[in-house]
Each structure stands twice: as structure tokens, then as C-alpha cells.
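Asks: Attaching a single structure in C-alpha cells format; questions to follow.
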């Protein structure tokens, strides 16, 4: 075909998806790839000529309709190309121009973006704006995997029009988020800037605010926590030369004297086995992964953040190895073809035996969870095997999805637990063991199971046993645990705020805004003060209840039960009094936030404890007299410590939070333009430096000695 | 009035800001539990709380401030 003929233009969300769709739909499986100004597109032939062109995610976004950037409230907005609103998005213009050009010669339009809210908006805005109102005539392809057969079926059974309810829900979500984000962020930023006279951006969002509020609430409980002492008994028995730990009948004791009394009564005594109980229990197979549970499992097994897992799953989907991952479904309908998937997987040596075992079963019936998603099933492997070597993280996520898929078809497992009750001087101790009697589904999921078998020796009731060791263990109650990215995501899910597509991204934003730090999340002073300001002057903005309420109403739009206009009006009406209050209190808010920014900037320059006085902190400082930067101790200002070290004067320097392996002093990250960045140990007596100097000297000697010639 | 521990505004009818007041309340409430559990007096209790690894930062600051008052 040539671009002179009329063709159907198919729009996809990403270039990889465009290539897969073109390959699946071309009658010879070999579409022609073209590229214009770095924008790729594919020409295929089927019942008629097809041109498949990808987007680059969102090409359009919500922007302020007109006016300056430095005032609020702003309630007038429009959808515009992203390059007009965002710095560094220049390639978007080229992309839109090429799609617009391809649209001119097209006589049919198909939206083949991912079938969810974000995909619906991406396709709709391109058809509406770049293709000039073709949203009204376009059809829709719906698929959950990029497998040839499914894409062909999806092309043959196109939906006659776009899913306008889903589009309305998506538009509303983006517009409401824009109204909240722009107005409240501007209020905070302007208050701080007017007070301090220095520019710095502060942001919050409709979901970001309530999420940070969870973290601040947890941080407050941790900071004001007072532990309570309690005691437990540690004891060991000896059976035929081997020692076994036993549990005391009371797990904890509130009084030290009570624990001491138990130790006193049982020390050096023998006991008798009064009773041996055995229990068997069924262990049901797990349920299929939705995005949240996949992210949670990958975090607990591999330590991957939810956004990292989301990114890896997206890549595996684009390579047709797994189904669409942004799903909240825990169902696997038979239509996905269980047997075909398992046959496909059996080509991979690691799964050959396991898949064969399932294929031998007469009927395959998965265990499913309660959650449903009208657009997609749960995450499952397509049955394709990788066509390239996957990197370690991709291989791990793929293996996890494959094994979970097989496990849901497995038989229930059977576990046995044993408990021997030993009476020592009137006190009861329990010897416990556990073992797996039947593996069932656990065979498929073995690498990811955390159960440990504990075998017991052969014992019988009435047998006398010596308590070989007993002692008191002093313990304290612990503060509530800090959230990690995975548990925070779970909390957001439970509270019903954000969507499966946005939650991981919101958590990343909290890190990039420097409101939180560390993997076990610690709220920074800045994060703390932003929430404190909002709690005092704009509680509605961080209210979980109001946020959830709005989420539910937006969900109703998708089912044609609510109108976009009503939600937008409601959002504006909620925002108006909040913004008035923020404006009236601008001075006091500005002062609080400016101080927080100042403290945060100060914190960023702190390198670590001063190695000389051990009470001050080393900081990156700037001398007004010499106009040079250096490292100095904070105790210098109190006249208590004069420790200082020189620093490179060019480039950027910042603390790494890591310690030098040679001397244990804190390391600095140095980056000078045009040079490779490095970690600097500023200790002039660091043994590593001496080693390096000697090594260089040796090299120099070798080069100049006659033998080396 | 400023908080006795930090530079924040103290709560009305309190020597502490909102954060340190909460920590103070926790310290006061838990003394009876500690006394019953291990028989410590108020001063010993404050010393234990101030050096305990699980005590929160604000609670530690309040315990230290109360200890200095005791001395």
C-alpha cells in the first residue's frame, strides 16, 4: 500500500503495542515500518489498508484556559497539547503533527489504546483534537493481551463506537485533579514565596494530600510513643541429646516479678508430656493477581517498589508475555483459554513438568478472588515464552505471574501441626512442630512460599523430659511500624482513594517532592508542615472521607449514573471556601511553610556527625568572605568546634547518606559537568587515599623502571 | 507562650506545643503501668523512657525536659 490510498488509521497507546497490532493484523504478518521525524508508524494490509500509529502515552492534558500562572483561584480550563503546558515535552508537537497528517488521508478510525480510563482518554483526545472530531465516527478495539489471536478477534468484533461513559469518567478525573492540584498548590507556593521572597514550588493534590496525611498521622504516633515493658519466658527442653525451644503457656507477662517466679519454679526441673495434639488443616490455593496484589507480593519477595513492579509488568505486557496488568480483577474466565496457556508455558523447561501435571487434570477450575473489573481479567501469562533474554527483574515478575497462575489451578495443600504439652512443676510449656502432608498447589508456588517445616522427635504421652534451660526475656512494646511503599499502596486501596493506575505514581511524587524519604517511609519536616498547614486551614483538602466520596461519584459516571458537570461543579464549590481561607491566612501559612522550606534546605546540606566533637553536624557551608564552599561543623557558630574541610569549587555536591568503606566518614556525591560523577571521602587521612597514592606510585615506578620497557 | 521543648506555640493551658503535649500525656498515662510492672518511681521511669530505643523523639524530649526539672 502507499499513503496515497485511503486507509483505516489505528491509534495505540505506545510504539510497542502499535508494532504488535500491525504484525497481528497484517495478512502476511509483515507490516511495513515507516518513520517520520522519529515518529514510527506501521502500514499493514488486511481486508483493507491499515496504518497503525502509536501515541506516547498522554499527548493532551488539562491546562489553564488563559491568564497568569501566579494567581488563584482558577476554574477555567481546557484540554491542550502537552508541549504547551509542560517543559521538556517538545517531541509531543512532532507526534501530534504526524498523527494529524496521517489522519487527513484516512477514511476510518480505530481507537486501540489500552482498555481503561487512561487509555480511553488518550485515544479520545487524539481523535478529537489531532484527527479533528473523529471521536464521533471512530470504533474501538478491546483486548487484554497483545496475542495475535486476541488482536484479530478484537479487530473483527470492534465496538461500534468509543466507550463515552469511560471517557467522561476519565475526563472528569483529570479535570477535578487539575482543579485541586493547581489551586491548592498555587495557594501554598504563593504564600511561601510572598513571605520569604524566594521561589520554591510546593504541591499537593486531591489524592496526594490525604495519602501524606496517613503518613503524618503514623509519624506522630511514632514520635510520641512511650513503650511499656513486658516479659516472656525463654525455655529449652532436651530430648535424647537434642535441644528444642518450647513456648510458655503465657506468651507475655505484665509484671517482672511474675516472670521471675516462673523461672524460679521451673529451673533445673523435669516435666512430663501430658498431651500430644495433632491437627491437620487444608491450605487453599491463592487467588489470581490483580495489580495491587502483584505489587504487594513483588515488594515483599524482591523489595521492588509498586511503581517499579508496575513498569516491569507493563513491559512484559507490551512483549505479549502477560495480560494487561492495570486491572483490579481477581477472576480468570475460561475464555482466556487455560489449556492453550499451559501448553505454551510447557515449552519453557522450568515449567514443563508443572504445566503437564495441570494439563493431565480433567477439568481446570481456578480459585478466584471476589474483585471484578469490567474491562480486564486478572493478570495472567499469555503462554508466550520470551523472545529475548529477560533481565533479572523482568524474569522474576514473569516467573511470579506464571507460578501464581498455575497455583490457582492446584489442589488444596494439607498441613499438619503438632503440639506437645509439658507440665513442669505446675507450669505448662508447649513443644510445637509442623509439616506439609500434601503439597497440592504449593508445588507450583514453591520458590515464593515462606513456610518452614519444624520436625519433632518421636515422643509419647507420659514421657519425662528435662527442662535444660529457662530464662526471663525483657521486652518492650514497639511503636507502630512505618509504612513502606507497598503497605501505603494497600492502605490507599483499602481507603478507596486514587486508582490502580495512579496510586504508585502518587507515592513516587511524595518522594520527588521531598515530603517523604527512606524505604521505611519517614516524613520530612516539609511534608509534616504542609499537612499541618492544610489540617489547620484547609482540612477538606486532606479529608479521606471527602476524597473517597468524590472517587465514588466519579466511578458512577462510568456507569452513566452521574454527570461530569455535576462533579465539576461540586469540586469547585468545595474548593471556593478552602481557597478563600487559604488566601485570608496567607501570611501565617507563608511563615510556617517558609520556615519548613528553610529547614528542609538546611537538612539537605547536612552530611553527618562531626568526627571531631561528635555533638555537632558537618554541613556544606558557603563563606561570604572567601566566596568559597567548604564543609564545617555546626558547633562552629557556638564557638565549640573549628573542624572544616575543603570542597571542590565547581559542579554540584550533595550528601550521599553512605559511609566511606575505608574510614567510616560520610561520603559526598560530586558532579562536575563533562566529568563522570564520583563519591568523595573528604577525610584527608582516609586509609583508602593512602592505598590509592601508593598504588599510583607503584604504577609510576613500573612505567619508568628499565624492566618495564 | 512558646513550648518548653521546641520553639512552636504552646497549647492554651499547657506548657507544651500540640506535639509535645501528646507525648507528655502518653508519658503521664503510662507511668502507672510501668510502676505496676517493675516498681519504678517517677524519676527512674523518666530515665528509662529517655534512654529506651523505642521511645519516640518527642516523648524522649519531654522525658529529658521533665528530668532536668527534677534535678
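The values are calculated or read from the model by the stated rules, or taken from the named source; none is laboratory data. Please read these numbers as outputs of a predicted model, since none were measured by experiment. Backbone-built Cβ (ideal geometry, glycine too); neighbour counts: all protein chains shown.
Asks: If we scan segment A:379-396, do we find a residue that is within 29 Å of residue A:282 (Cβ to Cβ) and in contact with a strand residue (DSSP E or B) (Cβ under 6 Å, 6 or more places away or on another chain)?
Replies: Yes, there is a match, as at least one residue in segment A:379-396 is within 29 Å of residue A:282 (Cβ to Cβ) and in contact with a strand residue (DSSP E or B) (Cβ under 6 Å, 6 or more places away or on another chain).
Asks: Could you check, for segment A:508-515, whether at least one of its residues is touching a residue at least 24 places away in the same chain (Cβ under 8 Å), in contact with a strand residue (DSSP E or B) (Cβ under 8 Å, 6 or more places away or on another chain) and not assigned by TED's automatic domain parsing to the domain that holds residue A:327? Walk me through how you get there before you give the answer.
Replies: As a first pass, look at segment A:508-515 and keep what is touching a residue at least 24 places away in the same chain (Cβ under 8 Å): A:508-510, A:513-515.
Filter once more, keeping what is in contact with a strand residue (DSSP E or B) (Cβ under 8 Å, 6 or more places away or on another chain): A:510, A:515.
Adding the requirement that they be not assigned by TED's automatic domain parsing to the domain that holds residue A:327 leaves A:510, A:515.
Yes, segment A:508-515 contains at least one residue that is touching a residue at least 24 places away in the same chain (Cβ under 8 Å), in contact with a strand residue (DSSP E or B) (Cβ under 8 Å, 6 or more places away or on another chain) and not assigned by TED's automatic domain parsing to the domain that holds residue A:327.
Asks: For residues that are buried (at least 16 other Cβ atoms within 10 Å of the Cβ) and either assigned by TED's automatic domain parsing to the domain that holds residue A:367 or not in a loop (DSSP other than H, G, I, E, B) (or both), tally how many sit in segment A:439-471.
Replies: Result for segment A:439-471: 8.
Asks: Does segment A:280-291 include one or more residues that are buried (at least 16 other Cβ atoms within 10 Å of the Cβ), assigned to a helix (DSSP H, G or I) and in contact with a strand residue (DSSP E or B) (Cβ under 8 Å, 6 or more places away or on another chain)?
Replies: yes
Asks: Could you list, in sequence order, all residues of segment A:198-232 that are crowded, with 22+ Cβ neighbours inside 10 Å, closer than 19 Å to residue A:478 by Cα and away from chain B (no Cβ under 12 Å)?
Replies: Result: A:215, single match.
Asks: Another question, if that's okay. Out of A:280, A:284, A:252, A:270, I need the residue that is over 21 Å from the mean Cα position of the chain (by Cα) and within 14 Å of chain B (Cβ to nearest Cβ). Which one?
Replies: Of A:280, A:284, A:252, A:270, the one residue that is over 21 Å from the mean Cα position of the chain (by Cα) and within 14 Å of chain B (Cβ to nearest Cβ) is A:252.
Asks: If residue B:28 satisfies every condition in (1) surrounded by fewer than 18 Cβ atoms within 10 Å (Cβ to Cβ); (2) within 10 Å of chain A (Cβ to nearest Cβ); (3) in a helix (DSSP H, G or I); (4) touching a helix residue (DSSP H, G or I) at 6+ places or on another chain (Cβ under 8 Å) but one, which is the exception?
Replies: So residue B:28 meets the others, but not (4).
Asks: Let me ask you something else. Using the structure shown, decide if residue B:40 is over 18 Å from residue A:221 (Cβ atoms), in contact with a helix residue (DSSP H, G or I) (Cβ under 6 Å, 6 or more places away or on another chain) and without any contact (Cβ under 8 Å) to a residue 24 or more places away in the chain. Please lay out each step first, then the result.
Replies: On the way: over 18 Å from residue A:221 (Cβ atoms): yes; in contact with a helix residue (DSSP H, G or I) (Cβ under 6 Å, 6 or more places away or on another chain): yes; without any contact (Cβ under 8 Å) to a residue 24 or more places away in the chain: yes.
So residue B:40 fits the description; yes.
Asks: Can you tell me which residue is surrounded by the most Cβ atoms within 10 Å (Cβ to Cβ) among those in segment A:246-279 that are in contact with a helix residue (DSSP H, G or I) (Cβ under 6 Å, 6 or more places away or on another chain) and free of Cβ contacts under 8 Å to residues at least 40 places away in the same chain?
Replies: A:253
Asks: Here's a follow-up. Determine which member of the set B:60, B:69, B:4, B:35 is more than 13 Å from every other protein chain (Cβ to nearest Cβ), out of contact with any strand residue (DSSP E or B) (no Cβ under 9 Å at 6 or more places or on another chain) and either closer than 15 Å to residue A:476 by Cβ or part of a helix (DSSP H, G or I) (or both).
Replies: Numbers: B:60 fails: more than 13 Å from every other protein chain (Cβ to nearest Cβ); B:4 fails: either closer than 15 Å to residue A:476 by Cβ or part of a helix (DSSP H, G or I) (or both); B:35 fails: more than 13 Å from every other protein chain (Cβ to nearest Cβ).
Going through B:60, B:69, B:4, B:35 in turn, the sole match is B:69.
Rundown of residues vs (1) out of contact with any helix residue (DSSP H, G or I) (no Cβ under 6 Å at 6 or more places or on another chain); (2) surrounded by 13 or more Cβ atoms within 10 Å (Cβ to Cβ), yes/no style:
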{"position": "A:322", "(1), (2)": "no, yes"}
{"position": "A:329", "(1), (2)": "yes, yes"}
{"position": "A:334", "(1), (2)": "yes, no"}
{"position": "A:338", "(1), (2)": "yes, yes"}
{"position": "A:348", "(1), (2)": "yes, yes"}
{"position": "A:374", "(1), (2)": "yes, no"}
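Asks: Out of A:187, A:192, A:259, which single residue is within 14 Å of chain B (Cβ to nearest Cβ) and either within 30 Å of residue A:537 (Cα to Cα) or part of a helix (DSSP H, G or I) (or both)?
Replies: Checking each option against the conditions leaves just A:259.
Asks: Would you mention how many residues in segment A:630-658 are more than 13 Å from residue A:680 (Cβ to Cβ) and in contact (Cβ under 8 Å) with a residue 24 or more places away in the chain?
Replies: 5
Asks: All but one of (1) more than 30 Å from residue A:596 (Cβ to Cβ); (2) within 10 Å of the chain's Cα centre (by Cα) hold for residue B:39; which doesn't?
Replies: Condition (2) is where residue B:39 drops out.
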